[in-house]
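One structure below.
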């Protein structure tokens, strides 16, 4: 039997992975104890998504386990052992602001949880491919030192800069910068996952995501940019722009495009490899530009306010250079631009609002 194991299975990337790999493997194990509700409140709960997976996927088996508890995780690995062929580690504490409120829990979830999974993989299923969802926040605020120019609706990098055409590559330093505590805990997990690939030879892949998005995102103010923005537009909730005049730029990759990257890596793993993943120039927008698109799609005006104070360690401009991944896996291509992504998010949210899971 071929088994895939997914942590954070109720979240955006976890649930997309479960749905995708259920068509490729005999059995899919999901691990998620809905810590998102603790992080961001009951409205951010992923129980609706977990229940949807249980209801719709017969090969799905759910475990309500805290990844910080290795003694609770071990029996799952013991039971399936070498049958586990792929692990997608998508569980995390994902917010800058929340990490500062409780640094210990943030570090335990992001760093301790990751090494628990790596060590259990090494012990029970060392041939499995281990895919880790890292973050571009491992680069800290170094991107803010880039030569940026203020445009009407966005910050933009100078045209003569090497990053202008394709974005930021994996050679940018992750050292000597302000990361936020969340960024620091993800650095620990990121480097440890690299080390288990380089030192122990595990088939680990590190995917440094920018904004990961899609219709199954339980977006909230502290995490989930496009999903939360569209939710506020639909529901009439007040949205706050934090600093940079709302001109901060993000590239956004749809969860379906990201899972296709995972699948390509699974079929030809390169141990310890690191990839920047995001929408690139193909799918990027500023906050102001995203507001305009959400308003157009929803046919409603967004109720928003502006705060001069930006989030600590936040990026003014980030576009991911995905050429390294494309060079390794030339058959992969993005299919969702910003407009298509936002329409998909709008469709998913309106269905949930009118017909809750």
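The values are calculated or read from the model by the stated rules, or taken from the named source; none is laboratory data. Just so you know, these numbers come straight off a predicted model, no measurement behind them. Because the Cβ atoms are built from the backbone with ideal geometry, glycine has one as well, and the counts that use them run over all protein chains shown.
Below are the figures for this structure:
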{"read-out": "Contacts under 8 angstrom Cβ, first residue in segment 90-108 being on the phi < 0 side of the Ramachandran plot and free of Cβ contacts under 8 Å to residues at least 40 places away in the same chain, partner buried (at least 17 other Cβ atoms within 10 Å of the Cβ) and not in a helix (DSSP H, G or I), 6 or more apart", "value": "105/93"}
{"read-out": "Test: residue in segment 177-185 that is over 30 Å from residue 129 (Cβ atoms), free of Cβ contacts under 8 Å to residues at least 24 places away in the same chain and either out of contact with any strand residue (DSSP E or B) (no Cβ under 7 Å at 6 or more places or on another chain) or assigned to a strand (DSSP E or B) (or both)", "value": "no"}
{"read-out": "Residues (modelled with pLDDT of 95 or more and either out of contact with any strand residue (DSSP E or B) (no Cβ under 8 Å at 6 or more places or on another chain) or part of a helix (DSSP H, G or I) (or both)) located in segment 191-216", "value": "191, 192, 193, 194, 195, 196, 197, 198, 199, 200, 201"}
{"read-out": "Matching residues in segment 19-38 - criterion: being in a helix (DSSP H, G or I) and either over 15 Å from the mean Cα position of the chain (by Cα) or surrounded by fewer than 23 Cβ atoms within 10 Å (Cβ to Cβ) (or both)", "value": "19, 20, 21, 35, 37, 38"}
{"read-out": "For residue 270: the one exception among (1) surrounded by fewer than 19 Cβ atoms within 10 Å (Cβ to Cβ); (2) in contact (Cβ under 8 Å) with a residue 40 or more places away in the chain; (3) closer than 29 Å to residue 237 by Cβ", "value": "(3)"}
{"read-out": "Scope segment 95-108; condition closer than 18 Å to residue 192 by Cα and crowded, with 24+ Cβ neighbours inside 10 Å; matching residues", "value": "106"}
{"read-out": "Sole residue being buried (at least 19 other Cβ atoms within 10 Å of the Cβ) and modelled with pLDDT under 95, chosen from 315, 254", "value": "315"}
{"read-out": "Hits in segment 120-141 - residues which are surrounded by fewer than 22 Cβ atoms within 10 Å (Cβ to Cβ) and without any contact (Cβ under 8 Å) to a residue 60 or more places away in the chain", "value": "120, 123, 124"}
{"read-out": "Filter result (more than 15 Å from residue 319 (Cβ to Cβ), more than 15 Å from the chain's Cα centre (by Cα) and part of a strand (DSSP E or B)) within segment 245-273", "value": "273"}
{"read-out": "Tally, over segment 108-141, of residues that are under 30 Å from residue 310 (Cα atoms) and touching a strand residue (DSSP E or B) at 6+ places or on another chain (Cβ under 9 Å)", "value": "10"}
{"read-out": "Condition met for residue 15 (within 25 Å of residue 266 (Cα to Cα), at pLDDT 95 or above, surrounded by 18 or more Cβ atoms within 10 Å (Cβ to Cβ) and out of contact with any helix residue (DSSP H, G or I) (no Cβ under 8 Å at 6 or more places or on another chain))", "value": "no"}
{"read-out": "Residue 91 under 27 Å from residue 313 (Cβ atoms) and crowded, with 24+ Cβ neighbours inside 10 Å", "value": "yes"}
{"read-out": "Selected residue (only one of 335, 350 is surrounded by fewer than 21 Cβ atoms within 10 Å (Cβ to Cβ) and farther than 27 Å from residue 157 by Cβ)", "value": "350"}
{"read-out": "Within segment 181-195, tally of residues that are surrounded by fewer than 24 Cβ atoms within 10 Å (Cβ to Cβ) and touching a helix residue (DSSP H, G or I) at 6+ places or on another chain (Cβ under 7 Å)", "value": "4"}
